[in-house]
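A.B. asks: Submitted below is the structure of interest, expressed as structure tokens.
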Amino acid sequence: MAGGRPIRTMNGVRSFFTDRIFLSFLSTLLFLVAISFLLSTKATTRPHPIQSVHFDLIRRQASDHAALVSAYAAYSRRLKIDASRQVRLFSNLASSLSELASRVGSDEDSLHPVEKEAKDRVKLARQLVSESKEAFDTQIKIQKLRDTIFSVNEQLHRARKLGDLSSQIAASSTPKSLHCLAMRLMEHRILHPEDALPSTSDSIASDPSLYHYAIFSENIIAVSVVVNSVIRNAADPSRHVFHVVTDPMYLPAMQVWFAKRPPTGGAHVDLHSTDEYTFLDASYSPVIRQMETGKQEISLLHYLRFYLPEIFPKLKRVILLEDDVVVQKDLAELWKVDLQGNVNGAVEMCFGGFRRYNRYLNFTNQVVKERFSPRACAWAYGVNVFDLQSWRTERCTEQFHQYQEMNEDGLLWRPGTVLPAGLMTFYTTTKPLEKSWHVMGLGYNPSISPEEIRKAAVLHFNGNMKPWLDVAMNQYKQLWTKYVDSDMEFLQLCNFGL
């Protein structure tokens, strides 16, 4: 807004000051100043009382109007009216005034033509001032209004930033009820060490003929909803294996939960903590190195998605599920999707000019500009099919490390999110999935159609209004709560408002 202001203002002034008026305007200014000086000199050399008063009156009129015209001229200069034209006009006016000065003689007769011309010039000056006063005052009012609008916009921008920050804090913070649930499960684990989910056998955990899901989360109840929703909608639950990786602090609580509420239908839950993956150290992973130096604030859990081949060395395919999704249909069909040699199968989320690569990446950076198209369509995390064999062939983890190291100072994308790293890593190796596999926006968009929700295989509560929070949207919350095991004793003890 600020960058376009001078051009619009200048055009507005030019519409009021035509070339003819502007020429007369400046000539009046310089002429009156010159006349004031000449008459002042004349009055000094001819000190007759009547003449002195008469000359003084003319001089004051000339001086007053010269000051007024000077104010408008200064305003015009401040609005940057064409400088080259001003130079030409001043040059011509200087010649004209020199010629006029030479006509002023030492006798009183030579004064009368000058006095008449001076009066005509004063009259013209008054006319010009009268014509331009409205434009001058209007421009001042416009400028004040623009300043006010700019100030209000700045306040609105700050308020929105504070609102977004508050929403992010509310979404990322652990609600009291979730904290209570984790603590009570931990307490039970200490008091009853025998109540823990037994480890899944390696033969099941690494069987490529089964359907394997990776879930990285610290949210116990959210993970349980994902697992329950997949199992309830599966034709054959026994073929589904859930690999849940969590923070070491939450592993005992997860073990108690799934020991007391084991998956039904013969499904399997395989629990792990991040500290089990010893290959993740500072010498191998730039993420670990940046976390140790304080340059990375995101939890390691969010970055495990870039190490799937190392985490599952014996598997050929894995489906990544976020912990804020709900499954409504059998995902067995998703395993049959032909990725055509690509690494990642994902639903694209661009429409028109929105949600393309230029929203997530910094295209002023030379590396980004050379390697990616700003119009490329962005896809989403939430439900992703990964071909681990193609991943290993394309060396995607090495590509991720390269981009992560280049973004150490936030030059490629904004720190605090993993999607841009995924967009870069899988730029040419992503196959778009049919949109009904993954319907997004239930955590921020109140306008998703019921028909779209009904047809969706997976619903994603991405956004700040998570279904386990008080700020969740009521029209969608039941889609999530119906998979919560509300009979679980620990939920009742922690006052979950479900």
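Read-outs: derived from the displayed coordinates by stated rules, not from any lab. In this text, all values refer to a predicted model and were calculated from it rather than measured experimentally. Don't worry about glycine lacking a Cβ; one is built from the backbone with ideal geometry, like all the others, and counts go over all protein chains shown.
A.B. asks: Using a cut-off of under 20 Å, list every residue of region 219-236 whose amide N is near the label point 7 Å from the Cα of ILE190 along the Cα-to-beta-carbon line.
C.D. replies: Residues 220 fall inside that zone.
A.B. asks: I would also like to ask the following. May I ask you to list the residues of region 336-356 whose amide nitrogen lies under 15 Å from a point 7 Å from Cα along the Cα→beta-carbon direction of THR428?
C.D. replies: Flagged as within label range: 341-344.
A.B. asks: Amide H neighbours of ASP270 under 5 Å, counting only residues 5+ apart in sequence or on other chains, H built in-plane at 1.01 Å?
C.D. replies: The answer is PHE242, HIS243, VAL244.
A.B. asks: Among LYS435/LYS477; LYS260/LYS336; LYS295/LYS482, which pairs are too far apart, with a Cα-Cα distance over 30 Å?
C.D. replies: Details: LYS435/LYS477 22 Å; LYS260/LYS336 33 Å; LYS295/LYS482 40 Å.
In this structure, LYS260/LYS336; LYS295/LYS482 exceed 30 Å between Cα atoms.
A.B. asks: Hey, another quick one. Going by how many other Cβ atoms sit within 10 Å of their own, how do PHE354, PHE426, PHE363 line up, fewest first? Write down the numbers at each step before the final one.
C.D. replies: Values: PHE354 9, PHE426 23, PHE363 13.
With the fewest neighbours first, PHE354, PHE426, PHE363 line up as PHE354, PHE363, PHE426.
A.B. asks: Now, a different point. Fewest Cβ neighbours within 10 Å first, please rank THR428, THR200 accordingly.
C.D. replies: Working: THR428 10, THR200 17.
So the residues, fewest neighbours to most, are THR428, THR200.
A.B. asks: Out of the DSSP beta bridges found with both residues in region 176-493, what percent are antiparallel (nearest 5)? Write out the running numbers ahead of the final one.
C.D. replies: Working: 13 of 31 bridges.
Taking every DSSP beta bridge within region 176-493, about 40 percent pair in antiparallel fashion.
A.B. asks: Something else about it: If you average the C-alpha positions of region 301-332 and of region 430-498 separately, how far apart do those two centres end up, in angstrom?
C.D. replies: With region 301-332 and region 430-498 each reduced to a Cα centre, they are spaced 19 Å.
A.B. asks: If you don't mind, there's one more thing I want to ask. Take ARG371 and PHE351, extend 7 Å from each Cα along the Cα→Cβ direction, and tell me the distance between the two endpoints in nm.
C.D. replies: Taking the two extended label points, one gets 3.1 nm.
A.B. asks: Now for a different question. Net charge near VAL226, counting Lys/Arg +1 and Asp/Glu -1 over other residues with Cβ under 10 Å of its Cβ? Mind dumping the intermediate values first?
C.D. replies: Numbers: positive: none; negative: GLU322, ASP323, ASP324.
Spelling it out: positives minus negatives among the neighbours equals -3.
A.B. asks: Now for a different question. Return the distance in nm (one decimal) between the two label points of a simple spin-label model at TYR277 and LYS482, each offset 7 Å from Cα along Cα→Cβ.
C.D. replies: 3.4 nm
A.B. asks: Counting other C-beta atoms within 10 Å, which of ILE221, ILE298, ILE231 has the fewest, and how do the rest follow? If you can, show how the numbers build up before the last one.
C.D. replies: Numbers: ILE221 23, ILE298 14, ILE231 20.
Taking fewest neighbouring Cβ atoms as first place, the list is ILE298, ILE231, ILE221.
A.B. asks: Then there is this: Each residue of region 290-299 in order: what ³J(HN,Hα) in whole Hz does its phi give by Karplus 6.51 cos²θ - 1.76 cosθ + 1.60, θ = phi - 60°, with x for Gly and Pro?
C.D. replies: With coefficients 6.51, -1.76 and 1.60, one gets 6, 5, 5, 8, x, 9, 9, 9, 7, 4 Hz.
A.B. asks: Same structure, new question: Please give the contour-minus-distance gain from LEU210 to ASP137: 0.36 nm per residue of separation, less the Cα-Cα distance, rounded to one decimal in nm.
C.D. replies: Numbers: separation 73, 0.36 × 73 = 26.28 nm, distance 7.84 nm.
Working it through step by step, the gained length comes to 18.4 nm.
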